[in-house]
Amino acid sequence: MPDLIAKPALGTAAVTIAATTLAEAALTTITAIAPYPGGEAAVTRALHPMGLAFPAPNTARTAGNATLVWTGRAQAFLIGAPPPADLTAAVTDQSDAWVTLTLSGPQARATLSRLVPLDLRHATSGQAFRSALNHMPLILIVDGPEAFRLMTFRSMARTAWAEVSHALTLIGARSALG
Amino acid sequence: MRIDGKGRVDRSRPVTITFDGRKLPAYKGDTLASALIANDVRVVGRSFKYHRPRGILTAGSEEPNALVEVIGHANQTPNTRATVQEVFEGLVAQSQNRWPSLAFDVMAVNDLAAPFLSAGFYYKTFMWPRRFWEGIYEPLIRRAAGLGRLSGKHDEGVYEKAWAHCDLLVIGSGPAGLMAALTAGRAGADVILCEETAEVGGRLLSDDGQIDGAPAENWVDLAVAELASLPNVRVMVRTTVTGAYDDGTFGALERVGLHRRPRPNLPRECFWRIVARRSILAAGALERGIAFENNDRPGIMMASALGTFLNRYGVVPGREVTLFGNNDSTRLTARCLMAAGVSVAAIIDARADAPDEAGTTVHKGAVVIGTRGRMGLREIAVRKGSTEFRVATDVLGISGGWNPTVHLTCHMNGRPQWSPDLAAFVPSGGAIPGMLVAGAANGTFSTHGCLAAGAQAARVSLTALDRVAPDVALPQAEDAPYRIAPLWAVPGTGRAWLDFANDVTVKDVALSAQEGFASVEHMKRYTTQGMAPDQGKNSSVAALAVLADATGRGIPETGTTTFRPPYTPVSIAAMGAGARAEGFAPQRFLTSDQASRDRGAPMIEAGLWYRPSYFPKPGETTWRQACDREVTMVRTSVGVADVSTLGKIDIQGRDAGRFLDFVYTNTFSTLPVGRVRYGLMLREDGHVLDDGTTTRLAEDHWLMTTTTAAAGLVMRHLDFVHQAFCASMDVRFISVTEHWAQFAVAGPGARDLLASALGRAPGLPFMGVQAVTIQGVPGRLFRISFSGEEGYEIAVPARYGEALFRDLTARAETMGGGLYGMEALNVLRIEKGFITHAEIHGRTTAFDIGMDRMVSAKKDCIGKAAAARPGMVGAGRDQLVGLKPLTDTPITAGAHLFVQGTAITRENDQGYVTSVGYSPTLASWLGLAFLQNGRARHGETIRLVDHLRKVDVLCSVTDPVFHDSEGAKLRA
């Protein structure tokens, strides 16, 4: 048990506006897995017992508590579970590098349309994107048509929170017009 | 005045507005323009140049005259078109470009001086004498320039930016746009329908026409209800599509809160970026005027605007209406007005074969040749053949024909084509990929034609979208042919206005041609025609027709000027929504941020990061006192600093060593596990890209450190080198900058501090690394130094950063040490002669900074060949040196160096200063500089001159390392 106190990036309480909730996800384990040239099949074999496989671009798969999300060329993040010991790939701890915000509710997509240039009209669970949250790097995981996980640099957490909550606030004011 | 029983305003909801201090009654649904007309306000503005009284000319966003300031609680919006601004309870607006009042404007003296203020006046007058320019002409022009005024305060209004995506974007909701949206919507396509005004319907709401034998507005209501019932259709009212861009992207401005009382958090406007697979432009057409003498009196307006004001808002701007035109549009207006009980004194029709009209007199083959009534039209003069007569009238509606709204089709370099039949420009096909043009925007002017064209454009678009087009029955509507005889300007001697907004007359255009500015683009700039907020919507076609006449060319040969976005003015605040103050860029905060602020540290921006500048102690009144103390503390005791901002890149793979050898100038593959090496990286052009340390954590596992400034740049560079040159290598890398919080512990007491924190002595050689567990947390300990003292950096996962920082701070303080900030860090590294991006600023080479021996001769690396080019090495280069003033005088970065006794001129420049600081250790100011052939000039005295900050000091040239040049302390 460490003597040092672990702190989340924000420690901010969730906000709900127009039945849509923005919250900071709890700290978890995030591991970057980057197979070497020709090594994806071996990685998939190693992940098989977890019910996962190396993901195709723009996809994420969840099995139990673990999500494996495509994050770039020959790179995926394993979120929520430690990596298998017998993985032959470049494996890097990314647990503290990211802040994860969850945005869910009927106005989630409208809120994202203020911040992210992606076409999310047909957003469905299992999609994932590398994009931009205004000027910040973004990993966007679609957990459902109205449920999203947004990951950006931990150091930018305050700006990310401010910008997403601001967008949601404006949406709320629009919704109040009826 | 109001006409009972007409208009779509909500008469059950009266509101009160204020214009120029007068309270006026209006109804919900009115625009400011219709409310002013209802209250018989005739003069609403003053023209730009001559300050002539002007009234409302149009009923739409093209309005050139009725520009007002809308006064909000905390803002003032100038150049608001009264025809666009909707009323709400408490709306306050005032006229602009007049002083002291709209009725009496001192600057109207310009109108009397008009003979001296012709086109090109500015260019001819303000050229000489040259010395008058700054002192007299410029202030004079600045005072006269512009229309409305801003409040002078920051705009703290809320604005929004958003993206939207659809299969089909329909621009405009008249008969063509509505029919297109209905057809595509029924087929299940994702449709966005944008309508500029508050209500869907376009001219169907303005013209009092019939569809399927009933009032057209009934059909509009049904269509609106059906579109609202389709989940795949999104109707965006009050939204103007302002620009067409690459890849089916459109800009659009939505008025979200401008038409209602301000509410907290409700955006004033939203700037949309709409990405559409296909688009249909159904933006209609704009009616154009006819130039004749004094055609700018208040009370003279577009004939179609009279129809809009009557049918949409139930107002008419006078009691006795006259119409003047060259096509049948005047008939439609006349019938509407007469049916509403408004007297139409006469129709002046320029066509000799014009049809008669029941209920009024038609003067065929006649033209208006003059008007009277400075503050409001009283009378017009008409010439018919050789006879001239006068008609008493307070409203003159003009129709010179219709200009299809081709603007968006030209935003990607398309040019419209001249249609002699329509006497108008029509869009060229295919000018915007994926866009079809339908209805009046394409030169189809009958209601039936518009409905059919809209349906057809939707069918073609649906096919392109791989959807089956439904059978849609076309409703019945009028299909009258468009009959026009072109007439641009009535010949005469007086001033006949073309561009109302910028006060450009027929004579000005002719003068432009006469003076050699005969190309339409030159004419535009010479006369300023089309350069006002309306961007020539009301005048450009007529102006170029007049130009064609003056130059003896045809209209198609003369051509149009370039149509550029935006179609209507877009506030910068909307385009920059969210970017005010700290919204301008993301802010990056250290895990130690709060701990540093708790100690009163002022934060400075380093890129996007916020880093502590210094940590003031009680009694210290200047930053220098704190900085000097912190430097001395590190040199004599121990200091702690957060260095997490430095870039950290985790590199793994069998070929990682080879890869590093290729990107660094020096060799890394030979570095033993557990050791750290300093490396230098070049750009492909041979200049220094970055420097930093790289650690070998395991046989195939490395950790690269970059400077804070170049962290992203180096990551991108590695990606480029990997993908372009070494794609087959077994190497993978990822940024871990954000994962680790890393703290420097430096000074003679560093080892003791770490021993207390770790519970054991670190026992680490200089440039060594070890895995450690610090208070139960696994981390990494590096023995590296940027201060010249015995130095360590300890890294833990970021979640423990704040806790470790506070812990190390407390331990340092009990030892007589403490925190040091960026100022002290900078002085420490200058004393030691360490470089930052102040020195490796992009124009220096490894040779310049004295590190040419670090470029290994045994291997190739990025930039090596380019760094060996002639001129990249040698005595001619500015080389890194140290500077020490001969007297106790501050020196400045940015100063230039000169040999004593030479003139201080550019030609004698010997180099420049990059970094300075006061060294409490050496009790002297110190500088780092680049001096021509500097390494051979140690010991020389050089003159440092900074004209900007008035510094002129003699300095001794030294080695750049001032402190512990043998590195004994570092390696202790």
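Just so it is clear, none of the values below were taken in a lab; they were calculated from the coordinates. Predicted, not measured: the structure shown is a model, and the values here were computed from it. Reconstructed Cβ throughout: ideal geometry from the backbone, glycine too, with neighbour counts over all protein chains shown.
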Could you line up B:VAL9, B:VAL953, B:VAL87 from fewest to most neighbouring Cβ atoms inside 10 Å?
-> B:VAL953, B:VAL9, B:VAL87
The range B:166-243 shape via C-alpha gyration tensor axes, a/c threshold 1.5 | oblate
Extreme residue, positive dipole direction of the protein assembly as shown, given options B:TYR50, B:GLY776, B:GLY325 (C-beta unit charges) | B:TYR50
J(HN,Hα) series, the range B:420-435, from Karplus relation 6.51 cos²θ - 1.76 cosθ + 1.60, nearest Hz, glycine and proline x | x, 5, 8, 6, 7, 8, 10, x, 7, x, x, 5, 10, x, x, 9
Measure nothing fancy, just the Cα-based angle from helix B:801-814's long axis to the longest principal axis of chain B, in degrees from 0 to 90, nearest 10.
-> 40 degrees
Relative to the first principal axis of the alpha-carbon coordinates of chain B, what is the inclination of helix B:175-186, with its axis defined by its Cα atoms, in degrees from 0 to 90 and to the nearest 10?
-> 60 degrees
Go through B:96-102, B:533-539 and give me the packing order, highest mean Cβ count within 10 Å leading.
-> B:533-539, B:96-102
Taking the Cα centre of the range B:544-593 as origin, sum charge times position over the Cβ atoms of Lys and Arg (+1) and Asp and Glu (-1), and report the length of that vector in debye to the nearest 20.
-> 40 debye
Ascending count of other beta-carbon atoms within 10 Å, so fewest first, for B:TRP623, B:TRP418 = B:TRP623, B:TRP418
Coil-residue GluC sites (Glu not before Pro) of the range B:297-406, DSSP, other Cβ within 10 Å capped at 15 | none
Taking each residue of B:799-808 in turn, how many C-beta atoms of other protein chains fall within 10 Å of its C-beta, and what is the average?
-> 4
Dipole moment magnitude, nearest 20 debye, the range B:658-780 about Cα centre, only Lys, Arg, Asp, Glu C-beta charged | 380 debye
Using a cut-off of 22 Å between alpha-carbon atoms, which lysines can reach B:LYS28, once sequence neighbours fewer than 8 places away in the same chain are excluded?
-> B:LYS6
Among B:TYR918, B:VAL855, B:GLY882, whose Cα lies farthest out toward the positive end of the dipole of the range B:823-955, if unit charges sit on the beta carbon of Lys, Arg (+1) and Asp, Glu (-1)?
-> B:VAL855
Chymotrypsin sites (Phe, Trp or Tyr not before Pro) within the range A:138-171: DSSP coil, no more than 14 neighbouring Cβ in 10 Å = none
Search the structure for amide H atoms under 5 Å from the amide H of B:VAL315, placed 1.01 Å from N in the peptide plane, and list their residues when 5 or more places away or on another chain.
-> B:ILE3, B:LEU310
Nearest 10, in degrees from 0 to 90: the angle of helix A:157-176 to the longest Cα principal axis of chain A is 40 degrees
Options B:ASN265, B:VAL368, B:THR902, ranked by Cα towards positive dipole end of chain B, top entry (Cβ charges) = B:THR902
When B:ILE572, B:ILE840 are ordered from fewest to most other Cβ atoms inside 10 Å of their Cβ, what list results?
-> B:ILE572, B:ILE840
Partner chain Cβ atoms within 10 Å, averaged over the residues of A:112-119 - can you pull that number for me?
-> 4
Given H placed 1.01 Å from N in the peptide plane, which residues other than close sequence neighbours of B:GLY45 have an amide H under 5 Å from its amide H?
-> B:ARG54
Mind scanning B:LYS49/B:LYS537; B:LYS648/B:LYS832; B:LYS153/B:LYS617; B:LYS648/B:LYS864 and naming the pairs with a C-alpha gap bigger than 27 Å?
-> B:LYS153/B:LYS617
When only Cα pairs under 8 Å and 6 or more residues apart are kept, what is the percent relative contact order across chain B?
-> 9 percent
5 angstrom amide H check on A:GLN127, placed H, neighbours 5+ away | A:ALA60, A:VAL142
Size of the dipole of the protein assembly as shown about the Cα centre, Lys and Arg at +1 and Asp and Glu at -1 on the beta carbon, nothing else charged, in debye to 20?
-> 1140 debye
Where Lys and Arg each count +1 and Asp and Glu each count -1, what net charge lies around B:TRP163 among other residues with Cβ under 9 Å from its Cβ?
-> +2
What relative contact order, as a whole-number percentage, does the range B:601-669 give when Cα pairs under 8 Å and 6 or more residues apart are counted?
-> 15 percent
Measure of size requested: the Rg and Dmax of the range B:367-450, with Cα atoms as the atom set and Å as the unit; please supply both.
-> 19.0, 54
May I ask you to list the trypsin sites (Lys or Arg not before Pro) in the range B:784-877 that are in a DSSP loop and have at most 15 other Cβ atoms within 10 Å of their Cβ?
-> B:ARG843, B:LYS858, B:LYS859
Shielding of B:158-165 by partner chains, average beta-carbon count, 10 Å | 6
